[in-house]
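The values are calculated or read from the model by the stated rules, or taken from the named source; none is laboratory data. This structure is a prediction, so every number in the text was calculated from the model and none was measured. Counting neighbours? That spans all protein chains shown, and the Cβs are built from the backbone with ideal geometry, glycine included. Keep in mind that these areas ignore ligands, DNA and RNA; they rest on the heavy atoms of the full protein, side chains included. Shrake-Rupley method; radii C 1.70, N 1.55, O 1.52, S 1.80 Å.
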Amino acid sequence: FMKTNEMTIEQRLDFIASLELPEVSADMEAVERAPVSEGKPSAVIDASELITFEEGLPEQHRKDVENSCCLAQLAANKKYDRERDVENWYKYYVEVLQNIGWMTTAFHFTKYDAKTSSFSFDLILLNLLSTICSPTALALISRAIEAYRKLAESDFKVRLFESQSHSAQSGNFQVGNARNESGDVALTNEAAYFSSEVHVTRLFFTKFSSSQTKLYTSDMRFVLSEDIYAQVREQVIKKLGRHAKEFIADLEI
């Protein structure tokens with residue numbers, strides 16, 4: 001069932017103010033973002049998350065998703081090692097989202113049992129997402145992954161996602177979809193973390209050996225409480241500051 005943390009607005013604002021975020025990397029160059037046509041399908045690279053937005057989602061809700069997920073990731077990065085302490089990283093990621101107004105369901109990571117000798121993450125994630133996403137959402141996510149795969153290695157979006165989602169032999173990342181649900185914004189993510197003896201260069205290009213790779217995945221579902229978030233939105237934006245430009249980049253689909 002969906003739940004958010006029971007807090008007063010003052011407590012939520014104090015919590016946001018108290019969050020510590022990592023320093024912005026000196027070699028990460030932000031790119032200017034083009035305005036998105038209101039309500040059109042779109043996608044972003046949001047630190048280690050690839051998020052798609054279905055048609056009909058207002059621009060304000062799109063920004064709310066981007067900023068919320070970015071803040072939760074960066075705060076979790078500061079508090080826990082995202083590759084060596086993944087369970088605590090995700091618990092805190094979800095706690096941040098709940099404290100700023102997102103309702104969430106319980107999540108549980110399970111080991112992925114590969115049926116083949118090798119696999120690629122993009123196909124596995126699409127298969128897992130097919131059980132929790134609509135055909136429309138799945139088609140949109142597939143388009144976004146394909147668009148990402150076509151980008152040059154030097155592209156800012158590639159450097160951003162690859163640097164945030166994994167190191168040479170382990171990683172922690174999410175692929176998801178946001179949509180309008182009876183006037184609210186709902187977000188469905190497939191979260192994954194892994195360790196492998198295979199050297200990872202680009203996440204969706206690497207072929208992983210099943211015998212040399214441990215992969216854990218979890219469905220994650222969120223719905224934003226507009227009543228709560230409207231009262232903390234400006235504080236979230238203020239807290240993120242220039243991090244929003246450094247860690248969120250539009251992905252053309």
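The share of accessible area on the range 132-253 that comes from carbon and sulfur is 48 percent, using a 1.4 angstrom probe. 3J(HN,Hα) along the range 127-141, derived from phi through the Karplus expression 6.51 cos²θ - 1.76 cosθ + 1.60 where θ = phi - 60°, amounts to 5, 5, 5, 5, 8, 10, 10, 6, x, 4, 5, 5, 4, 5, 5 Hz, with x in place of Gly and Pro. In order along the range 47-52, the Karplus-derived 3J(HN,Hα) couplings, from 6.51 cos²θ - 1.76 cosθ + 1.60 at θ = phi - 60°, round to 6, 9, 10, 9, 10, 9 Hz, and Gly and Pro are given as x. Heavy atoms of the protein chains alone define the surface here; on that basis the range 169-253 has 41 Å² accessible area per residue at 1.4 Å probe size. Model label points for Asn127 and Gln60, set 7 angstrom from Cα along the Cα-to-Cβ axis, are 4.2 nm apart. From the coordinates of this entry, semi-axes √(5λ) of the Cα gyration tensor in Å is computed, and it appears in [x] 27, 20, 19; [y] 31, 18, 18; [z] 29, 23, 16 under the label [x].
Where both bridge residues fall in the chain, DSSP classifies roughly 90% of the beta bridges as antiparallel. Note on Ser167 and Met2: with the Förster distance fixed at 35 Å, the Cβ-Cβ geometry gives a FRET efficiency of about 0.55. With springs connecting C-alpha atoms under 10 Å apart, model the chain as a Gaussian network and identify which of Val96, Val200, Val24 has the largest mean-square fluctuation. Per the Cα network of the chain with a 10 Å cutoff, Val24 tops the list. Coupling constants for the range 239-253 follow from the phi torsions by the Karplus curve (6.51 cos²θ - 1.76 cosθ + 1.60, θ = phi - 60°), and in residue order they are 5, 5, x, 6, 4, 4, 6, 7, 10, 10, 9, 5, 10, 6, 10 Hz; glycine and proline get x. Note on the chain: GNM, Cα springs under 10 Å; of Ala152, Ala75, Ala192, the largest mean-square fluctuation is that of Ala152.
Per the Debye formula on identical point scatterers at the alpha carbon atoms of the range 137-253, with no solvent, log10 I(q)/I(0) at q = 0.09, 0.17, 0.18 Å⁻¹ is -0.32, -1.07, -1.16. Ligands, DNA and RNA excluded, the heavy atoms of Tyr80 present near 70 Å² of accessible surface to a 1.4 Å solvent probe. Entry note: the range 212-251 has Rg to Rh equal to 1.17, where both radii use alpha-carbon atoms and Rh is the Kirkwood radius.
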